Amino acid sequence: MNISVVGTGYVGLVTGTCFAEMGNYVICVDVNEDKINKLNNGIIPIYEPGLERIVIENNKADRLIFSTDIKNALEKTDICFIAVGTPMGEDGSADLQYVLAVAEEIGKHITKHTYIINKSTVPVGTADKVRETVSRVLQERGADISFDVISNPEFLKEGAAVNDFMKPDRVVVGADNERALDVMRELYAPFTVNHERFIAMDVRSSEMTKYAANSMLATKISFMNEIANICELVGADVNKVRVGIGSDSRIGYSFIYPGCGYGGSCFPKDVQALVRTANKNGYEPKLLEAVEAVNYDQKKSIPRKIFKKFGEDLSGMTFAVWGLSFKPETDDMRDAASITIVKELVAKGAKVKAYDPKAFHEAQTCYLKDVEGIEYLDSKYTALTGCDAMILVTEWKEFRSPDFDEIKKRLKNPVIFDGRNQYSSKKLHEMGFEYFQIGVMP
Ligand code: NAD
Ligand code: UGA
């Protein structure tokens, strides 16, 4: 099949590459020339395990093309994915300007029947807006060209994106006719084996499914963080409580890890966007509002512990931060807990020495660009030298089993604040560390 993917970010690049890997001809389009130039030179603009090899192989095989020319892409293909960003707008709702700008371009340039597939996360009713926009532009052109607008939300996780796309738990497709559904079944057949994982529904339910899924996952995390906060007060250990409840198959073990708050490009904005959708329709979603409020507060849980231990004036103190990305195996720092933690400490006069295996560039050039008092080190141990305490923010594999003797030797005080509950408190206490976790009374 001939496919264009408009928006070559995390989702668009993975989507386009995985379709090319299955033998399709794919043109990935972006307005960002620098990104497209890099990709054409074999440089992958994001860190995502397993992606680089298949991008380069498919590009070399001329199945995967990178371009800024949407007109040419639409002429050569009849399936067009929209995978541009839908960031949080000023009032918290999803900003659809990029999606609708692509719809305009599609209206301007299609020359034959095109399946327009919305892969961006968009509020219910967006497919209708895309349809209206394309129809209006076609009318302005005086062109009589048919098209379908299909909803196909994406459920991949960063850090495991290629695997999630190649072996999805499910493929959700919302369409208003059987012909469109058949095309989507054929497209996804190599990924869904016998279509068992292909879930067809109407467009609005499909759009809503994406928000419901992310909000459910975010709710699990905020719920667990709230339980953790109560555990700390009553002397229970949330690590044990987690295992105790996860063993109930109705609850399950996944997404109940307490921590210093969820981040990433999606949970924060998607929960907020669903709240706004509900508000606009006259409903106040109290649970969803609480999910966000708990998470906002949870990002301050580590600073709170630090203030309790060292006081609120941290001038003259330095803290080592291990991990800046919002989760391991990605360089993405969007809404990362590290941003709140670093800013809170620096605001109280502290200095920070940070180490992250992949997110340095993002931190330095964007998310912590304006923060003074932060130094970036090139190894986890050098970041510790002379620091008053260590803070684990992101559980990268290389942080999971460190040399604690080395940590002790380098720190001024043997104090660890762990935002991801990675270590054995018994072992650390025996070694003479003060060890602060989430959801465990120190
Ligand atoms: P991103 O910011 O990484 O990429 C978006 C890309 O679109 C950018 O490269 C940008 O230059 C490009 N773009 C913007 N306007 C354009 C236009 N008019 N024409 C061509 N390109 C244009 O975003 P992302 O993380 O890939 O997310 C895309 C969508 O997918 C969002 O709606 C997001 O909520 C959703 N989503 C993201 C993830 C994830 O893990 N990142 C997972 C599932 C769903
Ligand atoms: C999430 C969803 O898992 C994907 O299914 C979805 O497609 C994507 O959002 C999206 O719509 O963008 P992602 O944000 O890449 O994926 O990462 P997750 O693994 O879900 O982690 C999100 C955040 O929750 C991280 O900060 C992580 O540390 C935190 N988390 C996760 C916890 O605090 N506890 C947990 O038990 C799990």
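The values are calculated or read from the model by the stated rules, or taken from the named source; none is laboratory data. Please read these numbers as outputs of a predicted model, since none were measured by experiment. With ideal geometry, Cβ positions are generated from the backbone for all residues, glycine too; neighbour counts draw on all protein chains shown.
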Selection from the stretch 254-293 of residues without any contact (Cβ under 8 Å) to a residue 40 or more places away in the chain, outside any helix (DSSP H, G or I) and either among the hydrophobic types (A, V, I, L, M, F, W, C) or crowded, with 24+ Cβ neighbours inside 10 Å (or both) yields PHE255, ILE256
Go through (1) at positive phi; (2) surrounded by 19 or more Cβ atoms within 10 Å (Cβ to Cβ) one by one and return the number of the condition LEU411 breaks.
(1)
Considering every residue within the stretch 420-435, establish whether at least one is assigned to a strand (DSSP E or B) and closer than 18 Å to GLY261 by Cβ.
no
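Condition check ((1) within 16 Å of ligand 2 (Cβ to nearest atom); (2) within 28 Å of ASP332 (Cα to Cα)) across all residues:
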residue: GLU52; (1), (2): no, yes
residue: SER67; (1), (2): no, yes
residue: GLU75; (1), (2): no, no
residue: MET88; (1), (2): yes, yes
residue: TYR98; (1), (2): yes, yes
residue: ILE106; (1), (2): no, no
residue: ASN118; (1), (2): yes, yes
residue: GLY142; (1), (2): no, no
Quick one: what pairs do we get from the stretch 88-99, first residue closer than 15 Å to GLU292 by Cβ, second at pLDDT 95 or above and away from ligand 1 (no atom under 13 Å from the Cβ), C-beta under 6 Å, 6+ apart or different chains?
GLY92/ARG276; SER93/ARG276
Checked ASP403, ASP388 against criteria (surrounded by 15 or more Cβ atoms within 10 Å (Cβ to Cβ) and among the acidic types (Asp, Glu)); the one match is ASP388
Out of (1) modelled with pLDDT under 95; (2) not assigned by TED's automatic domain parsing to the domain that holds ASP128, the one ASN194 does not meet is (2)
Name the one entry in ALA101, ALA94, ALA83 that is under 26 Å from the mean Cα position of the chain (by Cα) and closer than 18 Å to LEU13 by Cβ.
ALA83
For a quick check of your reading of the model, give me the residue pairs whose first member lies in the stretch 154-167 and is in the same structural domain as ARG197 (by TED's automatic domain parsing) and within 9 Å of ligand 1 (Cβ to nearest atom), whose second is of a type in the set (Asp, Glu) and not in a loop (DSSP other than H, G, I, E, B), with beta-carbon atoms closer than 6 Å and at least 6 apart or on different chains.
LEU156/ASP164; LYS157/ASP164
Having 2 or more residues that are touching a Gly at 6+ places or on another chain (Cβ under 9 Å) is the bar; report the helices (runs of 4 or more DSSP H) wholly within the stretch 22-90 that clear it.
51-60
Within the stretch 148-156, is there a residue that is touching a helix residue (DSSP H, G or I) at 6+ places or on another chain (Cβ under 6 Å) and surrounded by fewer than 19 Cβ atoms within 10 Å (Cβ to Cβ)?
no
Of the candidates ASN40, ASN32, the one satisfying the condition of being closer than 17 Å to TYR98 by Cβ, at pLDDT 95 or above and surrounded by fewer than 16 Cβ atoms within 10 Å (Cβ to Cβ) is ASN32
Would you call ARG63 surrounded by fewer than 20 Cβ atoms within 10 Å (Cβ to Cβ), touching a strand residue (DSSP E or B) at 6+ places or on another chain (Cβ under 8 Å) and free of Cβ contacts under 8 Å to residues at least 60 places away in the same chain?
yes
Please go through the stretch 13-50 and give me each residue that is away from ligand 2 (no atom under 16 Å from the Cβ) and charged (D, E, K, R), ordered by number.
GLU21, ASP30, GLU33, ASP34, LYS35, LYS38
